[in-house]
Amino acid sequence: MPALFLHLWKILHFMNIQKFVAAMQSGYTFKTGGMQIGAAKLDGTVYPECPVRLPLKTMNRHGLIAGATGTGKTKTLQIVAEGLSDAGVPVMLMDVKGDLSGLAAAGSVNDKINERYGGLGLTYQPQAYPVELLSLSSEKGARLRATVSEFGPVLLAKVLELNDAQEGLLAILFKFCDDNALPLLDLKDFSKVLQYAANEGRALIEKDYGRISTASLGTILRKVVELQQQGADRFFGELSFDIHDLIRIDDKGRGYINILRVTDMQSSPKLFSTFMLQMLAELYSVLPEEGDLDQPKLVLFIDEAHLIFRAAGKALLQQIETIVKLIRSKGVGIIFCTQSPTDIPETVLGQLGLKIQHALRAFTANDRKAIRQAAQNYPETDFYKTEDLITQLGIGEALITVLNEKGIPTPLVYTVLTSPRSRMDILSENEIDEIVNRSALIRKYNTEIDRESAYEILNKKIDGDIISVPKTASAPKRGRPQKPSSWLEQALNSAAGKQAQRSIVRSAFQILQKVLK
């Protein structure tokens, strides 16, 4: 009898393996192409004939890379970014820990990598990737800036967490600046407008736009000062970053990997949330509707995403959720990287098609509860006990599911992941300097511009130098001389022209707001 049971068990086990192989091969084969990030594993055995691929077609459906510290989340992020770049998809990475610069250098072979790749039936090929360094602060990289006017009253009110009355007052001040050719470029300009509205200009503004509250002006000014204390003066100003500079392909057809160095984000959470919201809003406003593309135009990776959601107020969080829901129609995907799926708000988590779950640790009752919740976010499976397996995954292993080309979740698969082909360590300062020295974006954006704007114009008005409507702002005080341009280019590049363009963008975002209410 024991021999019979053993024989029956072997038959059933063989049938289960056959069923597993068929399910994984069918679930992870895509007509429009995909990138392999590993192979399926069952009962301790890796099956190279079951490659686990991510379909490029649904990478704009957003995603999540989750897992405890030290389980390999960052390396997985690196693998996915490499695959996208190889497919010609530009990438932007938020590098919070400062450990992603190695993407610019080729990796190196060692025994562990050879053993892993041998088990996957693959050959390891080191590869460096085209990298551009970006910065919000004093770190080396192309400076990302936006003007206050580009933000507009809707976004700025959300960032400052203003009430309805204060938001209405903000809209009046922006309208006053638009009507009187007062460019709002940086927070110095905006603070000056607030001070002017509370003192010398109050009667003039109230005459044309209605009564304004001095108390509300004071509240707004205090909130601006709070934002400045987190370093927002470095972000607001010129030259504004052109979002199209994120969507570049190198001469080999690979997408650029743009690494935003934000290692100081924890001391400036509101600044980072502000930047992220403005960038997502501008991507939505500027990029055309793309419909159903075979691959995304751009994918953003937001590492340590829990820091953003923790810092964001309710109003700001609503804006982030709104943009996440809609931006995929522009061909843009967002992948959040954090420790637990519970770090992501439910309304955002429900929008994520790709889920890569590394190990979680069960040290406390709350940990066990979080693991149960995490397991419930994945498709049911006959091959694994998901809740138990989440605590048993090794480094470089993960549970994966993704939306296939029809928008249906693929089978949950226990995956042994490949290793990054780029360096799994940071660059030296000399190597970073080499990237900086050859960067066209740094030459474009790191020249400081300080042209005449609301601050200077209102000071002249107060001093009596300007009696009527202010003139348009002058050309930049610093920078290379510009070649003569056509009358249309001159009109569009004038302060009045730029104000008109910003008003159009703000109006589009306000319409979006109303549609979503």
Ranking Y209, T219, F190 by how far each Cα lies towards the positive end of the charge dipole of the range 184-223 (+1 on Lys and Arg Cβ, -1 on Asp and Glu Cβ), the top one is T219
Roughly how big is the chain's charge dipole about its Cα centre, with Cβ charges of +1 (Lys, Arg) and -1 (Asp, Glu), in debye to the nearest 20?
500
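Run the helix sum for the chain: -39,500 (n - 2.57) per DSSP H stretch of 4+ residues, divided by residue count, reported at 222 nm to the nearest 500 deg cm²/dmol. Please list the in-between numbers first.
Details: 19 runs with 225 residues, N = 517.
Helix-only estimate at 222 nm: -13500 deg cm²/dmol.
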Pull up the DSSP beta bridges for the range 273-408 and report the antiparallel fraction as a percent, rounded to 5.
35
Nearest 10 degrees, 0 to 90: helix 365-375 Cα axis against the chain principal axis:
80
As a Kirkwood estimate from alpha-carbon pairs, the range 348-450 has a hydrodynamic radius in angstrom of 17.4
What net charge is computed for the residues neighbouring V21, neighbours being all others with C-beta under 13 Å from the C-beta of V21, Lys and Arg scored +1, Asp and Glu -1?
0
Run the accessible area of the chain with a 1.4 Å probe and give the carbon-and-sulfur part as a rounded percent.
51
For the chain, longest principal axis from Cα atoms; helix 269-286 axis from its Cα atoms; angle between them, nearest 10 degrees, is 90
For the chain, state the semi-axes of the equivalent ellipsoid (square roots of 5 times the eigenvalues of the alpha-carbon gyration tensor), sorted largest first and rounded to whole angstrom.
50, 25, 19
Cα lying deepest toward the dipole's positive end in the chain, options F363, L326, Y256, charges on Cβ
L326
Spelling out what I want: for every residue of the range 51-57, take phi, set θ = phi - 60°, compute 6.51 cos²θ - 1.76 cosθ + 1.60 (Karplus), and round to whole Hz; glycine and proline get x.
x, 9, 10, 10, x, 5, 4
Cα atoms only: what Rg and Dmax, in Å, come out for the range 400-443?
19.0, 47
Which residue, chosen from Q295, I344, L354, occupies the Cα position most advanced towards the positive end of the dipole of the range 232-360, where the dipole is computed from +1 (Lys, Arg) and -1 (Asp, Glu) charges on Cβ about the Cα centre?
I344
To the nearest 20 debye, what is the magnitude of the charge dipole of the range 116-226 about its Cα centre, counting +1 on the Cβ of each Lys and Arg and -1 on the Cβ of each Asp and Glu?
320
To the nearest Å², the heavy-atom accessible area per residue of the chain with 1.4 Å probe amounts to 45
Considering only the chain, percent of DSSP beta bridges that pair antiparallel, nearest 5:
40
In Å³ per residue, the alpha-carbon convex hull of the range 22-102 encloses 131
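The values are calculated or read from the model by the stated rules, or taken from the named source; none is laboratory data. Every value quoted in this text rests on a predicted model; they were computed, and no experiment measured them. Counting neighbours? That spans all protein chains shown, and the Cβs are built from the backbone with ideal geometry, glycine included. The protein model used for the area step is the full one, side chains on, heavy atoms only, and it has no ligands, DNA or RNA in it. Shrake-Rupley method; radii C 1.70, N 1.55, O 1.52, S 1.80 Å.
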